[in-house]
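Peer 1: Before I ask anything, here is the structure I am working with.
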Amino acid sequence: MKVLSIKILFINCLFLFVLFLTNSCNTTFRKEINSSFEKTKRIDILAYIDRNQWDEEDNPNYLKLNYIKNCKLEINKKYLKNRMTLNEYQTIVLKERLSKCEIENWGAKCYNPRHALLFYDKNDKIYGYIEMCFDCNGSKSSENFKAFSGCALGLKETLKEFGITYFNEDK
């Protein structure tokens, strides 16, 4: 009888420990998102032609995101398919959906990004970004958004909801 009680006590303690760890990680994750969004005054969504199809002078190093220079967007308009600024409601929805991360960044080799989230500060400067390839579930981000850049891969339907219409229909 004592052995059974000890086993039950052990299982209960183990369960509580796992619950604590899960909740603790989730709380830390939410704090990171909250911190990032507190600095954010505006979020833009870009949809553009796959960067490997850009002219070389506009994209000399395909693997490096180079359309953000000196904290400003510098992209040739001929590549843009959609660009929108989120309203307050959409920003809240985006934050909530990023907080409920269910997709991990796979880091596949194809990486043909066509979408990006740009985060602007109060001085209207880009202080963070997340670029996404929905085909291979790959993403790249600025250092300050690495913790949840993979979460952005679950936002394809959200982007459609917001009004983004380009998802490589030109294939």
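The values are calculated or read from the model by the stated rules, or taken from the named source; none is laboratory data. A quick note: this is a predicted structure, and the numbers were derived from the prediction, not measured. With ideal geometry, Cβ positions are generated from the backbone for all residues, glycine too; neighbour counts draw on all protein chains shown.
Peer 1: Take THR165 and decide whether it is crowded, with 17+ Cβ neighbours inside 10 Å and either at pLDDT 90 or above or in a loop (DSSP other than H, G, I, E, B) (or both). Let's see the steps before the verdict.
Peer 2: Numbers: crowded, with 17+ Cβ neighbours inside 10 Å: no; either at pLDDT 90 or above or in a loop (DSSP other than H, G, I, E, B) (or both): yes.
The answer is no for THR165.
Peer 1: If a residue has to be buried (at least 19 other Cβ atoms within 10 Å of the Cβ) and under 23 Å from TYR120 (Cα atoms) to count, how many in the stretch 48-58 make the cut?
Peer 2: Of all residues in the stretch 48-58, those buried (at least 19 other Cβ atoms within 10 Å of the Cβ) come to 48, 51, 54.
Then drop every residue that is not under 23 Å from TYR120 (Cα atoms), which leaves 48, 51.
Of the residues in the stretch 48-58, 2 are buried (at least 19 other Cβ atoms within 10 Å of the Cβ) and under 23 Å from TYR120 (Cα atoms).
Residues checked against (1) in contact (Cβ under 8 Å) with a residue 40 or more places away in the chain; (2) in contact with a Leu (Cβ under 7 Å, 6 or more places away or on another chain); (3) of a type in the set (Phe, Trp, Tyr); (4) exposed (fewer than 14 other Cβ atoms within 10 Å of the Cβ):
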{"residue": "ILE68", "(1), (2), (3), (4)": "yes, no, no, no"}
{"residue": "LYS72", "(1), (2), (3), (4)": "yes, no, no, yes"}
{"residue": "THR85", "(1), (2), (3), (4)": "yes, no, no, yes"}
{"residue": "ILE126", "(1), (2), (3), (4)": "yes, yes, no, no"}
{"residue": "MET132", "(1), (2), (3), (4)": "no, yes, no, no"}
{"residue": "LYS140", "(1), (2), (3), (4)": "yes, yes, no, no"}
{"residue": "GLU143", "(1), (2), (3), (4)": "no, no, no, yes"}
{"residue": "SER149", "(1), (2), (3), (4)": "yes, no, no, no"}
